[in-house]
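The values are calculated or read from the model by the stated rules, or taken from the named source; none is laboratory data. Since we're looking at a predicted model, the values are computed, not measured. So basically every Cβ, Gly included, is an ideal-geometry build from the backbone, and we count neighbours across all protein chains shown. Just so you know, the surface numbers come from the protein's heavy atoms only, side chains and all, with ligands and any DNA or RNA stripped out. Shrake-Rupley method; radii C 1.70, N 1.55, O 1.52, S 1.80 Å.
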Amino acid sequence: MKKFFSCILSLILLICPLFVIPSSAAYNASLETSADIVLLVSLDNGAVIFDKNGGKVAAPASLTKITTAILTLENCKNLDEVITIKQSTINAISGTNSSTAGLKPGEEISIRNLLYCLMVKSANEAAVALADYVGGGDVSHFVDMMNEFVQKIGCQNTHFMNPHGLDQEGHYTTAYDLARITHYALSLPLFVEITDTARYTLPASNKSEELNLYTTNWLLNNQYKTYYYKYAHGVKTGTTANAGKCVISTAQKDGYNYLAVVMGAPYEDVTGDGHPDNCALLECKKVFQWAFKNLRLTKVSDPTQIVTVSDVKLSRNTDHIRLVPETEITALVPIGNSENSVLIEAIPEETPKEVKAPIKKGDVLGKARILYAGDEIATVNLVAAEDVSVSPLAFVGYSIKSVFKSKIFCIVFSAILVVLLVYILLIVNHNRQKKKRKPKTINSVRNVK
């Protein structure tokens, strides 16, 4: 079942790139969250549904490991290859009091099992071991690879200093960038399978007995009734002093698919049972439940609806042409919204008030924005609703008029006038010189004698 889900999700992600529809956060007023950062994105059409500080730079904690896993999966051809845990790997996290899988120096373990340690148990020594191996024995080189990768996929506010996510100056990202990184990771079927695992049995090794690894993502574990959400799948949790409680997860229900990023959530008693709660998990579950309950994919643009009209020139019988949406567009809008809550309006700077014949039905003549509750949720091209033929007489007249108005004509005409004027001046000057050189008349000669 998990493999089936991973294949389906990977297919969805290959078809639908992230953030293809303008982010609007049109529904922010519908939700209250205690976390500092919350981002909810539709994996079906890329729409940003909820955005609370999605672009804020913050510490990512173990959400960092998503990038570590991506680079491992893409750079290791044989995941069953066995590597040996180095003493330097254990030393790198010694004294951090951070999450580990209890790996020992000299322990032999496969890359695949290290990935399960990394993403299920959130083991920091697994992160260092994989970084050391993929980086050719140089963890800093692997970190450089991480930064090159996130830049390549379009992350603009992310910089890593280590492969595990422990707090370190210069180690930061945003929810938007993490959503982009996760979107990429979810296109890798094995990543989806690993991160959707609630319990994994780590085989016995030369240093350890068989060990059960339990996910830190309690959304997946039905033993945690407060947090468990049966529609949730993966992806990763994280906690540090600077980052607070964090989680990234996806959820699938009734054909709808969402990705949520929660960061900077508190650890406090919100359920009233006297024990502190991981509010990142609670907030993530909350936004998923809200989305599935309140949002439906609704047609917001129809090629038959008239958005605006433009004046037509050079046509004998048509003064105006109707502009309609190029395609049918659907968007996630709240259930029960009124017809007046979704509007389509032409974008003035991209839609001319006047067009010239001939025009063919379907010609793109402008663009419109689709609004929900005053916020833009999509854009669509505006096309001609009918053919408009050109009037030959009007076209000839317009062409002649255009020629006389054109800059080239003005330049050529001015040049001709200048040449003509010079020519006239030369003729006049020539005639004056000719008169001066004319010989005296016979009568004048006789008078002299």
message: Please report the carbon-and-sulfur percent of the accessible area for the chain; probe 1.4 Å, protein heavy atoms only, DNA, RNA and ligands left out.
response: 53 percent
Partner aspartates and glutamates for K299 [C-alpha distance under 14 Å; skip if fewer than 8 residues away on the same chain]: E326, E328, E339
message: If the reach is capped at under 20 angstrom between alpha carbons, list the aspartates and glutamates near K313, excluding any in the same chain fewer than eight residues apart.
response: E349, E350, E354, D363, E386, D387
field: Computed E for I335/N381 - FRET, C-beta separation, R0 30 angstrom, nearest 0.05
entry: 0.60
query: What net charge is computed for the residues neighbouring D254, neighbours being all others with C-beta under 14 Å from the C-beta of D254, Lys and Arg scored +1, Asp and Glu -1?
result: +3
message: On C-alpha positions alone, give me the angle between the axis of helix 175-185 and the longest principal axis of the chain, in degrees, nearest 10.
response: 80 degrees
- prompt: Which value in deg cm²/dmol, rounded to the nearest 500, describes the helix-derived mean residue ellipticity at 222 nm for the chain, given -39,500 (n - 2.57) per DSSP H run of n ≥ 4 and division by the residue count?
  reply: -10500 deg cm²/dmol
message: Net charge within 13 Å of F288 by Cβ-Cβ distance, Lys/Arg positive one each and Asp/Glu negative one each, not counting F288 itself?
response: +3
field: Set of aspartates and glutamates with alpha-carbon distance to K104 below 17 Å, sequence-local pairs under 8 removed
entry: E125, D132, E209, E210
- prompt: What do you reckon, how do D51, D311 stack up by accessible area (1.4 Å probe), largest on top?
  reply: D311, D51
- request: Under 13 Å from the Cβ of K152, count the other residues' Cβ atoms, weight Lys and Arg +1, Asp and Glu -1, and hand me the total.
  value: -3
field: Heavy-atom accessible area ranking, 1.4 Å probe, most first, across W290, W218
entry: W218, W290
- line: log10 I(q)/I(0) for the chain, Debye formula on C-alpha points only (no solvent), q = 0.07, 0.09, 0.14 Å⁻¹, two decimals, reads -0.51, -0.70, -1.23
- prompt: In the structure displayed, which of K65/K152; K360/K407; K230/K286; K253/K293; K230/K285 lie more than 21 Å apart, Cα to Cα?
  reply: K360/K407
message: Calculate the FRET efficiency for T271 and E108 from the Cβ-Cβ distance with a Förster distance of 30 Å, rounded to the nearest 0.05.
response: 0.10
Tilt relative to the chain, helix 2-15 - C-alpha long axis, 0 to 90 degrees, to 10: 10 degrees
R0 of 25 Å, Cβ-Cβ distance N75-H159: FRET efficiency to nearest 0.05: 0.75
- request: Enter the angle in degrees (range 0 to 90, nearest 10) between the Cα long axis of helix 139-152 and the first principal axis of the Cα atoms of the chain, meaning the one along which they spread out most.
  value: 40 degrees
